[in-house]
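Down below is the structure, laid out as structure tokens.
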Amino acid sequence: MFSGSIPALVTPFRDGAIDEPAFRAFVDWQIEQGSAALVPCGTTGESATMTVEEHNRVVAICVDQAAGRVPVIAGCGSNDTRIALDHMYAAQGAGADAALVVAPYYNKPNQDGLFQHFAYLAERCDLPIVLYNVPSRTITDIGVPVLHRLRQDYQSIVGIKDATGNLGRVTAQRLACGPDFCQLSGNDETALGFNAMGGRGCISVTANVAPRLCADFQAACLGGDWDGALALQDRLYPLHDALFSDSSPGPIKYALSRVRPDMPGQVRLPITWPSESSRAAVDRALEIAGLV
């Protein structure tokens, strides 16, 4: 269903508010540069610091500006099951193609709680769901047995963004959920290995600033050009690393301010502007990638 380079879009803020003109121009640029789909209101989009109204507005702007040129996978996750459902309804009403739903964070449900959370959503809204498993942020881990049960019982659960960092999961999840289950890497730096083991693409931070290179990398993987993919991996790896040299999305917003001066670099507390050493690492990586 989904494949290729899929940026987890930053949200541009100016004077504390969403900069709609900048965001619309950014969506156009991403599509022109070859991004295969778009994810508004994910972690990189600072959804955790948005009001519900802001969140839903960003999704609606993205869908409107994309205008059917590429799919929009709207971030809809919450640690409150009812709020996640409300986000799904809003995304569906705006015309999004799918919902990206992160495992509930902070309240730390057990495996049965995870199953019931996603089952509740799938039973009440038919928008396709891409699960998002990122234990480093949520503490909870969507186990393979739970994933198998969900896939068996709910065909609207179509894929997963896997940010576990465990490449063995790709095979385990394919065996549990079938070859048509869409597996997308949630980590840029391991996307090469992820794709080699059966993944179809990456929901990417780096694609915010290097959309063409990331699109070319994913196209090489999907086309079986592993030598070409490896060359692009080596070119992009320093950037993958530098963008997490301080709390994300600070470094990616700094990188974008270097490449696209029209994108305001503001972040919302508790995220702060990256440190001097982080900015220096980003500068070096942008040069290696040939982006500045």
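The values are calculated or read from the model by the stated rules, or taken from the named source; none is laboratory data. Just so you know, these numbers come straight off a predicted model, no measurement behind them. With ideal geometry, Cβ positions are generated from the backbone for all residues, glycine too; neighbour counts draw on all protein chains shown.
Summary table below
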quantity: Matching residues, segment 151-160, being surrounded by 22 or more Cβ atoms within 10 Å (Cβ to Cβ) and either under 20 Å from residue 113 (Cβ atoms) or without any contact (Cβ under 8 Å) to a residue 12 or more places away in the chain (or both); calculated: 157, 160
quantity: Qualifying position, being outside any helix (DSSP H, G or I) and farther than 18 Å from residue 130 by Cβ, among 27, 10; calculated: 10
quantity: Every pair of residues 6+ apart whose Cβ atoms lie under 9 Å, when the first sits in segment 135-146 and is closer than 17 Å to residue 157 by Cβ while the second is β-branched (Val, Ile, Thr); calculated: 141/164; 142/160; 142/164
quantity: Tabulated pairs, segment 276-290, first surrounded by 13 or more Cβ atoms within 10 Å (Cβ to Cβ), second charged (D, E, K, R) and outside any helix (DSSP H, G or I), C-beta under 6 angstrom, 6+ apart or interchain; calculated: 278/246
quantity: Residue pairs meeting the criteria (Cβ under 7 Å; at least 6 apart or on separate chains; first within 30 Å of residue 180 (Cα to Cα), in segment 1-20; second assigned to a strand (DSSP E or B) and acidic (Asp, Glu)); calculated: none
quantity: The listed residue being in contact with a Gly (Cβ under 7 Å, 6 or more places away or on another chain), in a helix (DSSP H, G or I) and either modelled with pLDDT under 95 or of a type in the set (Gly, Ala, Ser) (or both), out of 215, 172; calculated: 215
quantity: Criterion violated by residue 209 - all others in (1) crowded, with 18+ Cβ neighbours inside 10 Å; (2) in contact with a strand residue (DSSP E or B) (Cβ under 7 Å, 6 or more places away or on another chain) satisfied; calculated: (2)
quantity: Residue check for residue 224: of a type outside the set (Lys, Arg) and modelled with pLDDT of 95 or more; calculated: yes
quantity: Residue list for segment 109-135, restricted to those being within 22 Å of residue 40 (Cβ to Cβ) and of a type in the set (Gly, Ala, Ser); calculated: 122
quantity: Matching residues in segment 12-35 - criterion: being crowded, with 18+ Cβ neighbours inside 10 Å and either basic (Lys, Arg) or in contact with a Phe, Trp or Tyr (Cβ under 7 Å, 6 or more places away or on another chain) (or both); calculated: 12, 19
quantity: Selected residue (criterion: surrounded by the fewest Cβ atoms within 10 Å (Cβ to Cβ)) from residues of segment 127-150 that are among the charged types (D, E, K, R) and within 21 Å of the chain's Cα centre (by Cα); calculated: 137
quantity: Meets criteria (under 19 Å from residue 143 (Cβ atoms) and surrounded by fewer than 18 Cβ atoms within 10 Å (Cβ to Cβ)) for residue 184; calculated: no
quantity: Any hit, segment 8-30, residues being closer than 22 Å to residue 160 by Cβ and either touching an Asp or Glu at 6+ places or on another chain (Cβ under 9 Å) or not charged (D, E, K, R) (or both); calculated: yes
quantity: Failed item, numbered, when residue 100 is tested on (1) farther than 19 Å from residue 55 by Cβ; (2) of a type in the set (A, V, I, L, M, F, W, C); (3) not in a helix (DSSP H, G or I); calculated: (1)
quantity: Close pairs from segment 102-116: first free of Cβ contacts under 8 Å to residues at least 24 places away in the same chain, partner crowded, with 16+ Cβ neighbours inside 10 Å, Cβ under 8 Å, at least 6 apart; calculated: 113/104
quantity: Of all residues in segment 219-272 being among the aromatic types (Phe, Trp, Tyr) and surrounded by 15 or more Cβ atoms within 10 Å (Cβ to Cβ), the one that is farthest from residue 16 (Cα to Cα); calculated: 237
quantity: Cross-chain or 6+ apart pairs with Cβ under 6 Å, segment 180-197 first and touching a residue at least 60 places away in the same chain (Cβ under 8 Å) and over 12 Å from residue 2 (Cβ atoms), then surrounded by 24 or more Cβ atoms within 10 Å (Cβ to Cβ) and among the aromatic types (Phe, Trp, Tyr); calculated: none
